[in-house]
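Have a look at the structure below before the remarks.
The values are calculated or read from the model by the stated rules, or taken from the named source; none is laboratory data. Worth saying up front: this structure is predicted, and the values here are computed from it rather than measured. Methodologically, a virtual Cβ is constructed for each residue, glycine included, from the backbone with ideal geometry; neighbour enumeration extends over all protein chains shown. Protein only, heavy atoms only, side chains kept; ligands, DNA and RNA dropped before computing areas. Shrake-Rupley method; radii C 1.70, N 1.55, O 1.52, S 1.80 Å.
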Amino acid sequence: MRVMRGIIVALATALTVLAVPVAAQESGIALGTPAPDASVETLQGKTVALRSLVGKTPVVLQFWATWCGNCRQLEPAMRAARAKYGKKVRFVGVAVSVNQSVERVRRYHAKHKLPLEVFYDRTGSATEAYEVPATSFIVVLNAKGTVVYTGVGGDQNVEAAIRKAL
């Protein structure tokens, strides 16, 4: 099962690298779905349940990779959204484990000062639970923990997505 999940994630991320456009809400976890739980790790190796991050404020989850061009394209929009909504919304980055290590993620995060709390999806459980079709996948959860937006690609309107959760 883990090998199959890795193959699926690798194929999906290959589509991202090829910049195949996918509009919001065409793939991934369905809108209206309660946030599923999955275990991720802090960059220091501590296990965290993603569900523990939701339910108090809206949450923006971005599934990303250090090698993802669309993810780099999203960085300015994520910075602007964090600057505007940082006191009302939690910003979480889930680094997929395909073709990157936790150390590589740690170095990238330190160098680029990402506007996200960064976690590492070592086992792929979060990627599977959220039905992640590719890197640059954003899921916005409202304060009740319900999916109100999903999208993939570097040109997503992050602010409009957040407004759906407020």
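Counting heavy atoms of the protein chains only and a 1.4 Å probe, report the per residue accessible area for segment 26-166 as a whole number of Å². Present the calculation step by step, with values, prior to reporting the outcome.
Values: 6190 Å² over 141 residues.
Accessible surface, normalised per residue, equals 44 Å².
What residues have an amide H closer than 5 Å to that of residue 95, excluding those fewer than 5 places away on the same chain, when H is modeled at 1.01 Å from N in the peptide plane?
Amide H to amide H, under 5 Å and 5 or more residues apart or across chains, residue 95 pairs with 64, 119, 120, 121.
If you keep only loop residues by DSSP, which trypsin sites (Lys or Arg not before Pro) in segment 46-96 have at most 13 other Cβ atoms within 10 Å of their Cβ? Walk me through the numbers before you get to the answer.
Numbers: sites: 46, 51, 56, 72, 79, 82, 84, 87, 88, 90; in loops: 46, 56, 87, 88.
Hits after loop and neighbour filter: 46, 56, 87, 88.
On full extension of the chain, what length is gained from residue 47 through residue 155, given 0.36 nm per residue of separation minus the C-alpha to C-alpha distance?
Working: separation 108, 0.36 × 108 = 38.88 nm, distance 3.15 nm.
Between residue 47 and residue 155, full extension yields an extra 35.7 nm.
Which distance in Å, rounded to a whole number, links the C-alpha centroids of segment 55-76 and segment 113-166?
Centre-to-centre (Cα) distance: 6 Å.
So which aspartates and glutamates can residue 88 reach, going by Cα to Cα under 16 Å and dropping same-chain residues fewer than 8 places off?
Within the straight-line cut-off, residue 88 pairs with 117, 159.
Pulled fully out, how much extra length does the chain show between residue 101 and residue 166, if you take 0.36 nm times their separation in residues and subtract their Cα-Cα distance?
Details: separation 65, 0.36 × 65 = 23.40 nm, distance 3.44 nm.
Full extension of this stretch gives 20.0 nm more.
How much of the accessible area of segment 72-166, probe 1.4 Å, is carbon plus sulfur, in whole percent?
Roughly 50 percent of what the probe reaches on segment 72-166 is carbon or sulfur.
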